[in-house]
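Down below is the structure, laid out as structure tokens.
The values are calculated or read from the model by the stated rules, or taken from the named source; none is laboratory data. Remember, predicted model here, so these are calculated numbers, not experimental data. Cβ atoms come from the backbone with ideal geometry, glycine included; neighbour counts cover every protein chain shown.
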Amino acid sequence: MTSPLADRHTTGYSLRQALFMARAAALAYEDEHAVEAAAGAWGFGRVRHHHAAFRPPFPLTDTRAYTLGGERVVLTAFRGAEPAALRAWLTEAATPPRPGPGGRGRVHHGFAAVLEAVWPQVRTALEECGGGGRAVFFTGHGLGGALAMLAAARLHFEDPRVTADGVYTFGQPRTCDPGLAREFSTAFAGRTYRFVNNGDIVPQLPPEPAFRHVSALRHIDSRGTVRNTVPLLGGLPDRGRGPAADLLAPAADGVRDHAVRAYLTALEDAAAAQG
């Protein structure tokens with residue numbers, strides 16, 4: 001069985017490819033058995049699991065990711081985290097950011113620390129499962145999206161200076177400063193796509209101007225239509241009802257729109273409508 005990637009040989013946007021990447025991002029929340037079962041069903045012969053644990057006062061207990069290797073594709077997907085667990089990271093910009101990959105710009109200190117913990121495992125897996133002309137993809141939801149973007153940046157701006165063929169993120173928070181955002185958007189033009197579901201609150205954080213998004217937005221509006229821009233007056237539920245911390249409450253509209261299941265449903269419906 002071959003993997004369900006729409007086209008392994010070209011970069012560029014594909015809704016079908018986006019749906020597969022969303023499924024891969026959602027799979028990162030499952031256990032190792034589920035990952036291995038899906039890998040087999042998708043035609044990937046190699047599976048590598050990545051895990052790193054943290055100690056208090058770090059806001060996360062651990063982070064997880066996986067890498068799948070096939071005949072023509074290698075894919076790494078990073079797990080996200082509940083927005084409430086990242087409340088301090090998402091609602092304040094007081095902590096100085098770290099230097100970015102290869103000295104380009106600066107990145108959010110917390111996101112960089114999470115990737116740093118798991119990066120050696122990911123690099124080893126890419127070396128074991130990649131090469132031979134295989135296309136390289138990164139994906140993730142929420143925090144996982146930030147890690148996917150930073151992983152692609154490290155692979156490109158640092159050794160071995162390989163440019164991933166695709167970076168698909170879903171509900172990614174702002175991850176880096178304007179300088180790195182510009183350089184990344186230029187280097188990954190036609191290769192990176194950042195999906196935002198309706199009024200998802202997480203992509204609106206951490207606050208500007210210290211942090212900036214990379215380009216290639218794909219906004220899913222309230223009708224489920226995937227657009228290249230976000231309406232100026234739409235997609236911002238609960239704004240004006242309180243501080244950003246309140247918007248991270250589980251019952252807030254913006255948190256519901258952040259759920260990985262919401263992204264999957266929207267993209268499944270959009271793909272079905274496209275035919």
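List of remarks:
- The set of residues from region 61-76 being farther than 20 Å from residue 127 by Cβ and either surrounded by fewer than 18 Cβ atoms within 10 Å (Cβ to Cβ) or over 21 Å from the mean Cα position of the chain (by Cα) (or both) comprises 61, 62.
- When residues in region 122-149 are screened for being more than 14 Å from residue 162 (Cβ to Cβ), within 18 Å of the chain's Cα centre (by Cα) and touching a residue at least 60 places away in the same chain (Cβ under 8 Å), 10 of them pass.
- Taking region 245-269 as the range and being modelled with pLDDT under 95, crowded, with 18+ Cβ neighbours inside 10 Å and part of a helix (DSSP H, G or I) as the test, the residues that pass are 247, 254, 255.
- Residue within region 80-93 that is assigned to a loop (DSSP other than H, G, I, E, B), of a type in the set (A, V, I, L, M, F, W, C), touching a residue at least 40 places away in the same chain (Cβ under 8 Å) and under 20 Å from residue 184 (Cβ atoms) present: yes
- Scanning region 9-60 for residues that are under 19 Å from the mean Cα position of the chain (by Cα), surrounded by fewer than 16 Cβ atoms within 10 Å (Cβ to Cβ) and over 30 Å from residue 217 (Cβ atoms) yields 31, 49, 51.
- Within region 158-171, residues that are without any contact (Cβ under 8 Å) to a residue 12 or more places away in the chain and closer than 10 Å to residue 137 by Cα have Cβ atoms under 8 Å from residues that are surrounded by 14 or more Cβ atoms within 10 Å (Cβ to Cβ) and of a type in the set (S, T, N, Q) in no pair, counting only partners at least 6 apart in sequence or on another chain.
- Residue under evaluation residue 210, criteria (1) modelled with pLDDT of 95 or more; (2) among the hydrophobic types (A, V, I, L, M, F, W, C); (3) surrounded by fewer than 23 Cβ atoms within 10 Å (Cβ to Cβ), criterion not met: (1)
- Residues that are out of contact with any Asp or Glu (no Cβ under 6 Å at 6 or more places or on another chain) and surrounded by fewer than 21 Cβ atoms within 10 Å (Cβ to Cβ), drawn from region 90-109: 91, 92, 93, 94, 95, 96, 98, 99, 103, 109
- Which numbered condition residue 76 fails, given (1) in a strand (DSSP E or B); (2) in contact with a His (Cβ under 7 Å, 6 or more places away or on another chain); (3) among the hydroxyl-bearing types (Ser, Thr, Tyr): (2)
- Test: residue 84 is among the aliphatic types (A, V, I, L, M), farther than 17 Å from residue 172 by Cα and surrounded by fewer than 21 Cβ atoms within 10 Å (Cβ to Cβ): no
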